[in-house]
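One structure is given below, encoded as structure tokens.
The values are calculated or read from the model by the stated rules, or taken from the named source; none is laboratory data. Values in this document were obtained by computation on a predicted structure and should not be read as measured data. Here the Cβ positions follow ideal geometry from the backbone for every residue, glycine too, while neighbour counts run over all protein chains shown. What goes into the accessible areas is simple: the full protein's heavy atoms, side chains included, and nothing from ligands, DNA or RNA. Shrake-Rupley method; radii C 1.70, N 1.55, O 1.52, S 1.80 Å.
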Amino acid sequence: MRQVEPSVELLAKPNIDWEAMRTYLDEVGGTSWADRVEDAESPDAEDLLEFSGRMCYRSWEPGLNPNVSRVRTDSAQYLGNVVKSQHGSVLEHANFTFVLHNVSRVLTHELIRHRAGSAFSQESLRYVRLTDIPFWFPEWAREDPELMERSLKVLDTLEEHQQWMAEHFELDEEGTKFSHKKHMTSFMRRFAPEGLATGIVYTANLRSLRHVIEMRTAKGAEEEIRLIFNKIGEAMREEAPAVFADYEVVDGEWIPGTRKA
């Protein structure tokens, strides 16, 4: 048994092709907006959201839409109003991709329920054979000696059984066909615990991320998923500060100023 710690890494985020964007803006009269925003320090994700929102009303500057007499020129205020007004569809244009490492299958089974606006690619135990049982224990469990002793014995037994099955099925013998390895590995995974540490690639748009961060950091959420989504929340506060500015974090719970954006 190998004790591990769940972790999150941000792999990908929006990157604007400003030349292509300016081609459109030159046509519709939004050049002044691009001049103001392109060289600013705002993240591309936020610029993409602002672009999408302004396109709906042609609100690049006054006069382009005769119904619009004034426009917000402060990007953070503009996006804050998008969130406050619950124009959630605008937030769906920016996607972020994370790799969640050493998280349990308990967590991944809960995570994939949030499939709207999301994509998942998880390590497959039909193909990936276990050689050990990586496992995370919360701090309170580590402080319980009897619980740890009994739990480690169970995990050691499961790990030994994985190793025995690999030998029994002759999976490492020369000439063993991959189809046989896959068949046996698929069977062997049935003896792995739900708490087994694994990996998953998780992509979600900002609307979905706001929802899941709120839901999965709530006090009643499972503690491992609270841990992970606190990390994701902190990452998103760095990557899209204007979109997450309305949150207050209280004892690890992310409480939005505006719900259901």
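Averaged per residue, what accessible area in Å² does the chain show with a 1.4 Å probe, protein chains only?
Using a 1.4 Å probe on heavy atoms only, each residue of the chain averages 55 Å².
Looking at the square roots a ≥ b ≥ c of the eigenvalues of the Cα gyration tensor of region 150-229, which shape do they give, rounded for a/c under 1.5, prolate if a/b is larger than b/c, or oblate?
Here region 150-229 falls in the oblate category.
Ignoring any ligand, DNA or RNA, what whole percent of the accessible area of region 95-223 comes from carbon and sulfur when the probe is 1.4 angstrom?
After summing per-atom areas, the C and S share lands at 51 percent.
Within region 164-261, list the trypsin sites (Lys or Arg not before Pro) lying in a DSSP loop whose Cβ has at most 14 other Cβ atoms in a 10 Å radius.
Those that pass, being in a loop and sparsely packed, are K177, K219, R259, K260.
Taking all pairs of distinct Cα atoms, average 1/r, flip it, and tell me the Kirkwood hydrodynamic radius of region 14-92 in Å to one decimal place.
12.8 Å
For region 14-92, which whole percent of the accessible surface, found with a 1.4 angstrom probe, sits on carbon and sulfur atoms?
Taking all protein chains in place, region 14-92 shows 44 percent carbon and sulfur surface.
Quick one: among A116, A197, A76, which has the greatest mean-square fluctuation in a GNM of the chain with alpha-carbon springs under 10 angstrom?
Top of the fluctuation ranking is A116.
Any chance you could get the radius of gyration and Dmax over the Cα atoms of region 126-191, in Å?
For region 126-191, the Cα-based Rg and Dmax read 15.0, 47 Å.
Magnitude of the Cβ-charge dipole of region 126-191, K/R +1 and D/E -1, about the Cα centre, nearest 20 debye?
Dipole about the Cα centre, nearest 20: 580 debye.
Using a Gaussian network for the chain with springs between C-alpha atoms less than 10 Å apart, which of these wobbles most: S42, S75, S179?
S179
Can you compute 3J(HN,Hα) from phi for each residue in region 34-49, using the Karplus curve 6.51 cos²θ - 1.76 cosθ + 1.60 with θ = phi - 60°, rounded to whole Hz and x for Gly and Pro?
My calculation for region 34-49 gives 4, 4, 6, 9, 4, 8, 6, 8, 5, x, 4, 4, 5, 4, 5, 5 Hz in order.
Which residues' amide hydrogens lie under 5 Å from the amide hydrogen of T258, considering only partners 5 or more residues apart or on another chain, with H built in the peptide plane?
none
Sort region 58-154 into rounded, prolate or oblate with this rule: let a ≥ b ≥ c be the square roots of the eigenvalues of the Cα gyration tensor; rounded if a/c is under 1.5, and if a/c is not under 1.5, prolate when a/b is larger than b/c, oblate otherwise.
prolate
Suppose R0 equals 25 Å; then what is the FRET efficiency for D35 and H93 from their Cβ-Cβ distance, rounded to the nearest 0.05?
0.70
Among the listed pairs K182/K231; K13/K84; K84/K231, which are separated by more than 27 Å between their Cα atoms?
Result: K182/K231 exceed 27 Å.
As an exercise, identify the trypsin sites (Lys or Arg not before Pro) in region 34-101 lying in DSSP coil whose Cβ has no more than 12 other Cβ atoms within 10 Å.
Counting only loop positions with at most 12 other Cβ atoms within 10 Å, the trypsin sites (Lys or Arg not before Pro) in region 34-101 are R70.
Can you list the aspartates and glutamates whose alpha carbon sits under 18 Å from that of K153, skipping same-chain ones fewer than 8 residues off?
The qualifying aspartates and glutamates are D132, E143, D144, E194.
Connecting C-alpha atoms closer than 10 Å in a GNM of the chain, tell me which of I16, I133, I232 has the biggest fluctuation.
Fluctuation is largest for I16.
Note down the net charge around T23, summing +1 for each Lys or Arg and -1 for each Asp or Glu among other residues with Cβ under 14 Å from its Cβ.
Taking every Cβ under 14 Å from that of T23, the sum is -4.
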